[in-house]
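Below: one structure, written as structure tokens.
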Amino acid sequence: MLEIKNLVKSFGENTAVDNISFKVEKGEIYGLIGRNGAGKSTTFRMILGIIEPTSGTILYDNKKIKGEISDKIGYLPEEGSLIPSYTVLELCEYYGSLKLMKSEDVRKRLIEWLDEFNVIEYLNKKVKDLSKGNKQKIQFIVSVLHNPDLIILDEPFSGLDPISVDELKKAVLKLKKEGKTIIFSSHRMEHIEELCESVMILDKGKAILQGKLKEIEENYEIDGKKGHNLNEIFINKVGSLYE
Amino acid sequence: MNKRKIFEIVKFNVEKNVQNKGFVILNIIMCLIIIVSVNLKNIGNILDSHDISLFEEDYRIEVIDETGIAYDFFENEFKDNEMVELKFEAQNNYTKDNIDDNVIIVEYKLDDSNNLITKFITKEGMNDDQYNKLLDITTKIRNQVLALNLGIEVSKLEIINQTPEIERVMLGVDAENSDFKDMIKTFSVVIVYMVLIFVLSAIANEIATEKISKSIEYVLTSVDEKEYLLAKVLSITITIIIQLVYSLIYYMIGNAINNLFNISAISNVESNLQSIDMSIVSYILVLAGYLIFTVFFLSMIQAAISSKTTSITEASNTTMLLLMIVVVLYFISLGAIGPYIKVTTFMYILSCIPIVSTFFVPSMMIIGQATTLQIIISFILLIICTPIVFNICAKKFKYGILDYTTKNKKSKNKKEEKSVKEIQENLMKKNDVKRFAFVLGFSLLLWFIFEQIGGLVIPYLVNSIFSVIISEKSITWIYYSIISIISFIIPAKLIISYTDKEYRLNKKVDFKRGIKYILVGFCFIILIQYLEMFIVDKIGSDYQVLTESMIVSAKDSLLDKILFFIGIAVIPGIFEELLLRKAILGYGKKFGNYFALLTSAIIFGLLHMNFQQGIFAVLIGIVFGIIMLKTGDIRLTISLHILNNGFVALSTLFSENEIALFIIEIITIILAVIGGILFIGYLIKNKGLKIEKEKFKQEYKMLFLNYTFDLVIVLFVVLTIVSENMLRLQ
């Protein structure tokens, strides 16, 4: 579904993303792991066309991501993108209009999703009055409002309480059941292990390990032993780079 | 470009703006204000208040008349006015305790040469209308009195008083209806300005909000920056247009209500409409055309600028910048375009430039000075520039709003090259230099203020009791010396208090070495004096700096001579050195010797506030500075300074005694030659001069970062130019 080849992005002399390639199959959940500044968000921004890659190609169903195709992608930015002075409804209508949605569709789907998260009372509340967890829920709703086929979630669980994390996880799994493709990034191994089928570990812009999660966990060797969890592998792999 | 998306965004934004509570409240208020202001008279009628007229209450006017003619005028004026009670008295019977509020006493008297003297006496103020009425009557009485005095008829006198009537005819300029056109012009500029204020501030605000909330990150996944920018500008512009249409409707409602009360208003509007000719219609159309482009241009630039801001306050500050440009352009157009000003080719070319054309071409049009070619060219330029400006601004906007500027990254790379210590040192230095600049600037300001205040008071002191005991010149010089001491010592102390102990110049050299330095220094001073004579001759600054009242010559008393010598040689010698060498050079030394040397020398020059002394002072300041840096002994430069000024003072004192002048000259030359020999000896001994290289460019840049310092420099430069001019005129 999504195919990325030799993607490079450099800012001046800094290379933020260094020649990464990966493929995301339809209906799977793909995880990107890495420390802060590893290049996860930059990769996402390039997929979404917010910034231009220095070189490399990004193909969605063998087509470049432009115009109508970009409307098939949903995006949850890492640092939030809600306008504080808008109410939840206004915000969703605005973002819906950006995706050429009809006002009625926006309202219908918004109410469905608010109901899903049990926060229907926030419909006419201003964004700035919401708590961090609730903001993240609205952010999530915004990213799936237009019924996209590919959903990109940048650090969706960071800074949330366990209950909110659980609710969001359920929502992600629900989307998977509907047949959506999901890419998300995290620096928390347990979220990746729980949800993802394929993973990629990024460090300083380079992909240092990628593939099916199960295969990696089964085959990766540390001191001649196999069968480690992702956390151990990550520490071993990323740690070893600094020696 | 995805037109549908642009349309959707515009639709959403406009709807939101118009349905916004703030918008509705503003409009209700506006509606009321417009309706009320159109119907002010009607409301007055409803409330049953009559026109506020003169003397609407019972008034008593008491006239005290010495002329014998005032009575008739007052009778004529007020006989039908029941509100006013006229009374004629022989004298004023009132004081502030027994006068009533509604009494006006008008007193006419004649002076020795039969001219009218008038007094209006009331308890408190009277209103303008009353005053003008009384003034009118008084003017008539004055004319009558004058006519009697001169023995001519009053009507002739009135002709003399009239301003000549002139009928102005300009064949080449369309000056018809000029009042109405002027009104239209002003009114339209106000509208242009209002529109720009609203549009620009709205754009700045929204973009700053979107940047801060990072919603732009999401928005740019759906539309590209150009579509977004276009949509933003369009939606705000449309909102403003809607606002204007609403305002027009309010006006129409107000007018309709007015017509209900007042049938004559209809014919009034009709006659107004008839007077609008084709030139005004085309003016409005052309102006609207320019306005659309200008709004677009400025909004784009505004968007690009405000995308770089990080807070809403900053964003609204950026609107001020663009609005200021607009105001400046408007005022230029006011000054440069008018029916009585000839339009030059340069003006035609200037008026074709985008944005400038919005203010120039319509105002030229309305007085018939614009050409069709000019209008066409300016529009073509606008159309050509639009996509260019749009693309540039969209690019800048994207860079700014996503903060992915390569510039930031570059500076990061630079930082990596520098060590932490270097960064720290740089920062400390910057702060230090800025403080130095502030202290320096402030001290010089103090110096200036003391010097100026002192200068203002001199004449009063000279004429005071002291002048009985000693001569005026002596007092002048005593006073001058005191002022010099105060004005130099206070800033010097201030600067020294800021100087770190390790940099203070407090050393003492032994006598022999000191003499050597003085002699070598003196040699240079003489050389510089010759050089200066040459320069002064070239630039024509050959004038006497001292005023006549200060110059003491052979005729004056011994006390005068001594005080003159002290005032010219000793006092400046000591106190100028304290401020410039000890304080400023000492403080500046922290940032490098060259820096300190140049700063103190240039300031030494600036303090003299004329070219003749200034140039000399800069050069001599360098010599003094070098000696001070080498020895650190203030006594040496003080002696040199006294020596230098002393010779000048002596040659003034003995200007008529040729033998004395000759002796002074000989001594000077001998001293200079000894100094020269010593210096050559020093050069041979040390095999030339050793000059250390230092970089100090950066410090100079930092110096000018301080406002106080800049202010002082500007002050001194301006005063130097002014006083140079005055001295040359003498």
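Bear in mind these aren't lab numbers, they're just calculated from the coordinates by the rules spelled out. Predicted model, so just to flag it, every value in this text is computed and none were measured. So basically every Cβ, Gly included, is an ideal-geometry build from the backbone, and we count neighbours across all protein chains shown.
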The answer for the net charge of residues other than A:Asp18 whose Cβ lies under 9 angstrom from its Cβ, with Lys and Arg +1 and Asp and Glu -1, is +3
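With only alpha-carbon atoms in the gyration tensor, what are the semi-axes of the equivalent ellipsoid for region B:651-730, in Å, largest first?
Working: eigenvalues 287, 198, 11 Å².
Values for region B:651-730, descending: 38, 31, 7 Å.
Provide A:Ser70, B:Ser279, B:Ser378 in ascending order of the number of other Cβ atoms located within 10 Å of each residue's Cβ, fewest first.
Values: A:Ser70 21, B:Ser279 16, B:Ser378 25.
Ordered from fewest to most neighbouring Cβ atoms within 10 Å, A:Ser70, B:Ser279, B:Ser378 come out as B:Ser279, A:Ser70, B:Ser378.
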Toy charge model, Lys and Arg Cβ at +1, Asp and Glu Cβ at -1: region B:59-161 dipole around Cα centroid in debye, rounded to 20, equals 260 debye
Once phi for every residue in region A:75-85 is put through the Karplus expression 6.51 cos²θ - 1.76 cosθ + 1.60 (θ = phi - 60°), the whole-Hz ³J(HN,Hα) values, with Gly and Pro written as x, are 9, 10, x, 5, 9, x, 9, 9, 8, x, 7
For region A:2-241, the dipole about the Cα centre with charges only on Cβ (Lys and Arg +1, Asp and Glu -1), to the nearest 20 debye, works out at 420 debye
So, over other residues within a Cβ distance under 12 Å of B:Phe390, counting Lys, Arg +1 and Asp, Glu -1, the net charge is +1
In whole µm²/s, the translational diffusion coefficient that Stokes-Einstein assigns to chain A, given a Kirkwood hydrodynamic radius over C-alpha pairs, 37 °C and 0.692 mPa s, equals 175 µm²/s
For chain B, whose charge dipole is built from +1 on Lys and Arg Cβ atoms and -1 on Asp and Glu Cβ atoms, the candidate among B:Asn426, B:Phe534, B:Leu580 with its Cα farthest towards the positive end is B:Asn426
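Taking 2.2 N^0.38 Å as the expected size of a compact globular protein, what ratio does the Cα radius of gyration of the protein assembly as shown give against it, to two decimals? Could you put the intermediate results ahead of the total?
Working: Rg = 42.7 Å, N = 973, 2.2 N^0.38 = 30.1 Å.
Relative to the 2.2 N^0.38 Å estimate, the protein assembly as shown comes out at 1.42.
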A student asked for the Cα radius of gyration and Dmax of region B:428-729 in angstrom ought to give 19.8, 63
About its Cα centre, the protein assembly as shown carries a charge dipole, from +1 on Lys and Arg Cβ atoms and -1 on Asp and Glu Cβ atoms, whose size in debye to the nearest 20 is 6300 debye
Here the gain from full extension of B:Asn657 to B:Ile392, 0.36 nm per residue of separation minus their alpha-carbon distance, amounts to 87.6 nm
Of the candidates A:Gly211, A:Ile182, A:Pro84, the farthest towards the positive dipole end of region A:2-241 (Lys/Arg Cβ +1, Asp/Glu Cβ -1, centred on the Cα centre) is A:Pro84
For region B:59-161, averaging the sequence separation of alpha carbon pairs under 8 Å that lie six or more residues apart and dividing by its residue count, the contact order in percent is 27 percent
Dividing the mean separation of Cα pairs under 8 Å (6+ apart) by the residue count of region B:553-613 yields a relative contact order in percent of 20 percent
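By its C-alpha gyration tensor, with a ≥ b ≥ c as the square roots of the eigenvalues, how is chain B shaped: rounded for a/c under 1.5, else prolate for a/b larger than b/c, else oblate?
Details: a/c = 2.64, a/b = 1.32, b/c = 2.00.
Note, shape of chain B comes out oblate.
Express the relative contact order of chain B as a whole percentage, based on alpha carbon pairs under 8 Å and six or more residues apart in sequence.
Values: 742 pairs, mean separation 85.2, N = 730.
About 12 percent, as a whole number.
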When the charge dipole of region B:473-530 is computed with +1 at the Cβ of Lys and Arg and -1 at the Cβ of Asp and Glu, the Cα pointing farthest to the positive end, of B:Tyr480, B:Gly514, B:Tyr498, is that of B:Gly514
Taking A:Thr42, B:Thr186 and counting other beta carbon atoms within 10 angstrom, the fewest-first order is B:Thr186, A:Thr42
Long-range share for region B:108-237, i.e. C-alpha pairs more than 16 Å apart as a percent of all pairs, stands at 80 percent
The distance between the Cα centres of region B:487-562 and region B:664-730, in whole Å, is 12 Å
